[in-house]
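Reading through the structure tokens given below for one structure.
What follows is calculated from the coordinates using simple rules that are stated; it is not laboratory data. Predicted, not measured: the structure shown is a model, and the values here were computed from it. Note that we place each Cβ from the backbone using ideal geometry, even for glycine, and neighbour counts take in every protein chain shown.
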Amino acid sequence: MIYKKNSLLMDGFRIDFLGHKFKTPMYCYSSKKIRNNILNFKNIFKKINPLICYAVKANSNLSILKEIKNHDLGADVVSIGELMKALKAGIKPQKIVFSGVGKTSEEIEYAINKNILLINAESKSEILQIEKIAKKRKKIVNIGIRLNPNTDAGTLSQISTGKKENKFGVNQKLFLELVNFSKRSKYLKLKCLSVHIGSQILNHMPYQRMLGVVNKTINLSRHQFEYIDLGGGMGIDYEHKNLSLNFKKYSQNISNFVKKNNCKIIFEPGRSIIGNTAVLITKVIYVKEGYKKDFIILDAAMNDLMRPALYGAKHKILPSRKNKRISKKVYEFVGPVCESTDKFATLLKFQKLKERDFLVICDVGAYGTSLASNYNLRPKPIEVLIKGKNIQIIKKRQKLSELI
Ligand SMILES: *Cc1c(COP(=O)(O)O)cnc(C)c1O
């Protein structure tokens, strides 16, 4: 995103132009950014040569999945719907892992039928269920077991997953029991230990502690794991303050780990691949003057982008056209939905705005559209992808007639 003659551009296209042409609210993605993110990710971990399984839940638009597949990534899925869509995008079953605490027998059967790389189990009951289905099908099924390493990711509590009070994975003691159980089973082939401690992680220390716990657990299990799946969670710089995870340290720690454990690494990045590749373009419907602050009422709302309402997430907001007049009052950017949490930001010293101005909400590629809903009976927004000089509509705006 850059300003040229005070106009905000995305990959050479003026935001005002995009807003007028496709109407707002609209999601706009950059194919170039997706490519750059993937090449960077691969480059950082070049020495480790990992299998990169993109976490489909971050963004499951079919065209986006195809872009990602064209860079040879696999997929991490958490439901039969995501699995079907990953396959539809052309991602090879041998590059797909299935995570999640509540896979139903229907989902497990489907995954077994499709011969995906791994089903990462998260409980004893699930392992028993997988074994039962495998036995019925007379098939040997490749599984992983998700360890809960009891590691604080130091991120928002709502997106932390690796502490003992979280529902994810099994503790070390149970993990070791399940390793022994799986090894005795004729129908299970235990190939993987998986972990995922949370999301939007910007400090490498939680990862380092996690690797320590994993290392110890492997030693105690005395099992040769073919794969170690380290999950995702790498954070991005939402506040544009040059914050980033120290990838060099993380990668170095993993290199040392691999030397000791001789295994193939799997990553499941979502946000770090897709987060900063999209903006939500929105228009000011009204400026509602308040006593101490003005409400900037946008045509985008929490149903289009739920992260701020759901977990107080911050997203940068930029005007499509810069001016030098600064508002004396605080601006509160809100949507039209009937909830007080339908609020994107409260900002001081924003430039003066007027009705019909366009704004962009930045870094909405991950957990933006995938969390969108029809709350207040609002249709889901249009999604477009900039690809070089072309703009493709990759999801039409939902028609009201579909909802009514
Ligand atoms: C959500 C999730 C991911 C992706 O997390 P990001 O923070 O988007 O990288 C990876 N693995 C599992 C098991 C997940 O639940």
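Here the 3J(HN,Hα) profile of the range 333-349, calculated from phi with Karplus coefficients 6.51, -1.76 and 1.60 at θ = phi - 60°, is 8, 10, x, x, 6, 7, 8, 5, 7, 7, 8, 9, 5, 10, 10, 9, 6 Hz, Gly and Pro shown as x. For the range 1-133, the alpha-carbon radius of gyration amounts to 1.34 times the rule-of-thumb value 2.2 N^0.38 Å expected for a compact globular protein. For the range 200-333, the gyration tensor built on C-alpha atoms gives a prolate shape. Its axis ratio a/c (a ≥ b ≥ c) is at least 1.5, and a/b is the larger of a/b and b/c.
Nearest 500 deg cm²/dmol is fine: what mean residue ellipticity at 222 nm does the chain get from its DSSP H runs of n ≥ 4 alone, each adding -39,500 (n - 2.57), divided by its residue count? After summing the helix terms and dividing by the residues of the chain, the value is -9000 deg cm²/dmol. Which pairs break 23 Å Cα to Cα here: K164/K186; K66/K95; K85/K189; K135/K191? Over 23 Å Cα-Cα: K164/K186; K85/K189. Of all DSSP bridge pairs formed entirely within the chain, close to 45 percent run antiparallel. Its Cα gyration tensor gives the range 199-243 an equivalent ellipsoid. The semi-axes, each the square root of 5 times an eigenvalue, are 29, 11, 5 Å from largest down.
Spread over its residues, the convex hull of the C-alpha atoms of the range 361-401 is 89 Å³ per residue. Here is the list for the range 127-219: GluC sites (Glu not before Pro) lying in DSSP coil, each with at most 14 other C-beta atoms within 10 angstrom of its C-beta, are E165. The residue among L188, V360, I48 whose Cα reaches farthest toward the positive pole of the charge dipole of the chain, with charges on the beta-carbon of Lys, Arg, Asp and Glu, is I48. Rounded to the nearest 20 debye, the dipole magnitude of the range 82-169 is 440 debye, with +1 charges on Lys and Arg beta carbons, -1 on Asp and Glu beta carbons, and the Cα centre as origin. Of the trypsin sites (Lys or Arg not before Pro) found in the range 40-99, the ones in coil according to DSSP and having at most 16 other Cβ atoms within 10 Å of their Cβ are K46, K47.
Charging the Cβ of each Asp and Glu at -1 and of each Lys and Arg at +1, and nothing else, the dipole of the range 297-404 about its Cα centre rounds to 680 debye. Per-residue 3J(HN,Hα) values for the range 74-87, derived from phi via the Karplus relation 6.51 cos²θ - 1.76 cosθ + 1.60 with θ = phi - 60°, read x, 9, 10, 10, 10, 7, 5, x, 5, 5, 4, 6, 4, 5 Hz in sequence order (x marks Gly and Pro).
Exactly which trypsin sites (Lys or Arg not before Pro) in the range 132-200 are in a DSSP loop and have at most 14 other Cβ atoms within 10 Å? Counting only loop positions with at most 14 other Cβ atoms within 10 Å, the trypsin sites (Lys or Arg not before Pro) in the range 132-200 are K138, K139, K164, K167, K186. Using the Cβ-Cβ distance between K21 and S157 with R0 = 56 Å, the FRET efficiency computed as 1/(1 + (r/R0)^6) comes to roughly 0.85. About the centre of its Cα atoms, the chain shows a dipole size close to 940 debye [charges on the beta carbon of Lys, Arg (+1) and Asp, Glu (-1) only; nearest 20 debye]. Counted by neighbouring Cβ atoms within 10 Å, the residues S320, S251 run from fewest to most as S251, S320.
Expressed in Å, the radius of gyration and Dmax of the Cα atoms of the chain are 22.6, 72.
What does the charge add up to near G388, with Lys and Arg as +1, Asp and Glu as -1, over the other residues with Cβ less than 13 Å from its Cβ? Once positives and negatives cancel, what remains is +3. Mean separation of Cα pairs under 8 Å and 6 or more residues apart, divided by the residue count, gives the chain a relative contact order of 19 percent. The length gained on full extension between K5 and R222, counted as 0.36 nm times the residue separation minus their Cα-Cα distance, comes to 71.8 nm. Directionally averaged projected area (the range 81-153, Cα convex hull): 5.5 nm².
Once the chain from R356 to K324 is taken as fully extended at 0.36 nm per residue, the excess over their C-alpha distance is 9.7 nm. Working note: Karplus 6.51/-1.76/1.60 with θ = phi - 60° gives the range 186-195 the couplings 6, 10, 10, 10, 7, 10, 9, 10, 10, 9 Hz, where Gly and Pro are set to x. Only one residue of P149, Q252, L403 has its Cα farthest out toward the positive end of the dipole of the chain, where Lys and Arg carry +1 and Asp and Glu -1 on Cβ, and that residue is Q252.
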